[in-house]
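Here is the structure we will look at.
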Amino acid sequence: MKKRMIKDLGLLSLLKSVGLNEYESRVFATLLLQGASTASELSINANVPRPRVYDILEKLASKGLVTKHPGRPVRFKALDIDEAFSNYIEIKRQEHEKNLKEINRLKEKLKNSLQEKVSKSQEFKSEKDMVWVLKNRANIYSKLESLISNANESILIATTEEGLKRKITNYGEALRKARKRGVDIKIISPADDEYARIASKFANFINKDPAQRLVTVDDHVLLFLTPEHDEEVGAWIKSPYFARNVRRLF
């Protein structure tokens, strides 16, 4: 008896949402609902051009979703849904890790290339003071991490009690490494808790409300932050004059 072509749009939509293309979704859905099939049957029941069927089956097999049963003719079968998607998830995880490693390799290659071609004076094009505005916490904390990691002489952090918790959680290790490099670290916060005690191990910790949220690094860069209850905005000021004098105020 001839099997009917798959028209379950909901199932096809679900399969596309996990990364299968149109033809892969049709073939896999057909195997799930109609069982083991030959390439000829799949071409008809999944409405896929016959020349494409074997290529699609190979791709589904490489994703851990189908298996081949030798014989005459060869038949193909969808794996049990739990097994199939356990395979698929693991393959996707490995691909993701491989992509991240490649991106990181290219990042290092780009950094090395830029270091060879661009001097610091060319990068900033002048020794004049410069100001950048950073919006949202992710961008601000990314800049903060960079500043801490590249500090050579001094770091001053003035923050709230909640801000201290976030900074110790996110950058405690980077601050410890900076201290081991010989960087002088001062932290001012109205905190008297576990995070204050942790900060005291690698910084000159002052239990005080600083009134302002800011960071200075090497008497060269100042990162000035808006109050916590406002939309998170930071002013990154490259100015030895401002950085040095703000640090002296604390």
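Throughout, read-outs are computed from the coordinates displayed, never taken from laboratory work. Small disclaimer: the values here were computed from a predicted structure and weren't measured. All Cβ positions, even for glycine, are placed from backbone atoms using ideal geometry, and neighbour counts span all protein chains on display.
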### Message
I need the calculated FRET efficiency for the pair VAL74 and ASN21, taking r as the beta carbon distance and R₀ as 25 Å, to the nearest 0.05.
### Response
0.65
### Task
List, in order, the whole-Hz ³J(HN,Hα) value for each residue of region 53-61 obtained from phi through the Karplus relation with A = 6.51, B = -1.76, C = 1.60 and θ = phi - 60°; use x for Gly and Pro.
4, 5, 4, 5, 5, 4, 5, 5, 5
### Task
Could you pull out every residue, at least 5 positions away or on a different chain, whose amide H is within less than 5 Å of the one on ILE187? Hs are placed 1.01 Å off N in the peptide plane, and Pro or chain starts have none.
ILE157, ASN204, PHE205, ILE206
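For region 9-85, build the convex hull from the C-alpha positions and give me its volume per residue in Å³.
Values: hull volume 6.3 nm³, N = 77.
Per-residue hull volume (Cα only) is 82 Å³.
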### Summary
Surrounding charge for GLU145, neighbours by C-beta under 13 angstrom, Lys/Arg +1, Asp/Glu -1, total +4
### Task
Using the Karplus curve 6.51 cos²θ - 1.76 cosθ + 1.60 with θ = phi - 60°, work out ³J(HN,Hα) for each residue of region 180-191 in order, rounded to whole Hz, and write x for Gly and Pro.
5, 6, x, 6, 7, 10, 10, 10, 10, 7, x, 10
## Note on the structure
The answer for LEU79, listing residues at least 5 apart or on another chain whose modeled amide H is closer than 5 Å to its amide H, is VAL66, THR67
### Task
Report the relative contact order of region 9-85, percent, no decimals, based on alpha-carbon pairs under 8 angstrom and at least 6 residues apart.
29
### Query
LYS101 versus GLU173, label points 7 Å from Cα toward the beta carbon: distance in nm?
1.9
### Task
Would you mind counting up the charge near PHE85? Only other residues with Cβ under 11 Å from its Cβ, with Lys and Arg at +1 and Asp and Glu at -1.
-2
### Query
For region 30-123, what value does the Rg/Rh ratio take when both radii are computed over Cα atoms and Rh is the Kirkwood radius, given to two decimals?
1.34
